[in-house]
Each structure stands twice: as C-alpha cells, then as structure tokens.
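A short worksheet on the structure shown next.
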Amino acid sequence: MGKQPEGKVSTKIMDAWRKMGAWCYKVHGSEYQPTGIPDISGVFMGHSVWCETKMPGNKPSMAQWKKIRDLRRVGALVIVSYTVADAVQMLEHIASGMHTGDDCGCLYLAPVDLREILRTKAYKD
Ligand SMILES: [Mg+2]
Ligand SMILES: [Zn+2]
C-alpha cells in the first residue's frame, strides 16, 4: 500500500500531524485485526484522532463506516480525508480549543447513519 497514491497521502498527513505535535502511526490491515479500521491512528492534545484516507471519487466501505461510527461514539475524532489539508484542519480544530467533546457539533464527531449511507450509496461489501 505504501507505493499507492493513497498511501503517499497518508504519509504526508502523518508528517503534517507530527509537525503539529501529534503522535500517530499507519494502521496496516491484516487478517489479525478487525476490518475497516481507519488508515491513521493518533493522539493529539489528549484526543484520540483517526484518519480514513481516500482518493477523490472513493468512499469509505460499510466496514469502514462502522468503525468510524464506533470510534466517534466513544469520543474519538475521525476524519474521512481526501487531502492533507482536510486532516490538518481536524487537529487545528482541537488546537483552537473549540472542540468541546460530545456537544461540540463538529463533523469529526458527527453520528454515522448507516441506513442513510446504504440508501444513497452502492457498496460492494
Ligand atoms: Mg483508506
Ligand atoms: Zn469539535
């Protein structure tokens, strides 16, 4: 995956996050872990932060949406990111002090409605 365009974007996102002071690592999917876990896992200013990197035109799979839902439900911030800037913005939101947790209303904690996703998108899995 590292040579794929998406992998390169993930590497750039991690570089940018680390410059901002985050600790993070690339999650490599394997048979030994659950499917759908976002591409990048990290911690920033005490917050659990995750990034599902996508290339333009691609959407998260249902397995990925389920993990995004599960993570957000317990207060982790998750971005579906098409650019480095998308992912950086999430950390800037935290650094601004505007992230208040459950009642924040930011898109990084937005509830995932799986039925709505199924209604509007076609999925292979
Ligand atoms: Mg991805
Ligand atoms: Zn917020």
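FYI, it's all coordinate maths here, none of it is from the lab. Since we're looking at a predicted model, the values are computed, not measured. Every residue, glycine among them, receives a Cβ derived from its backbone with ideal geometry; neighbour counts consider all protein chains shown.
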- Query: What full-extension length gain, to one decimal in nm, is calculated for His28 and Glu92 as 0.36 nm per residue of separation minus the Cα-Cα distance?
  - Reply: 20.5 nm
- Taking the simple approach of a point 7 Å from Cα along Cα-to-Cβ for both Lys8 and Lys59, what is their distance in nm? 2.7
- Note on the structure: Percent relative contact order for the chain, counting Cα pairs under 8 Å at least six residues apart, stands at 22
- Message: Can you list residues from other chains, or at least 5 along the same chain, whose modelled amide H is less than 5 Å from the amide H of Ser81?
- Response: Glu52, Thr53, Lys54
- ³J(HN,Hα) computed for each position of the stretch 30-43 - Karplus, 6.51 cos²θ - 1.76 cosθ + 1.60, integer Hz, glycine/proline x: 7, 5, 8, 9, x, 7, x, 5, x, 5, 10, 10, x, 10
- When the convex hull of the C-alpha atoms of the stretch 47-86 is computed, what volume per residue in Å³ does it have? 56
- Report the normalised scattering of the stretch 5-120 as log10 I(q)/I(0) at q = 0.11, 0.15, 0.16, 0.17 Å⁻¹, calculated by the Debye formula with identical scatterers on the alpha carbons. -0.33, -0.62, -0.71, -0.81
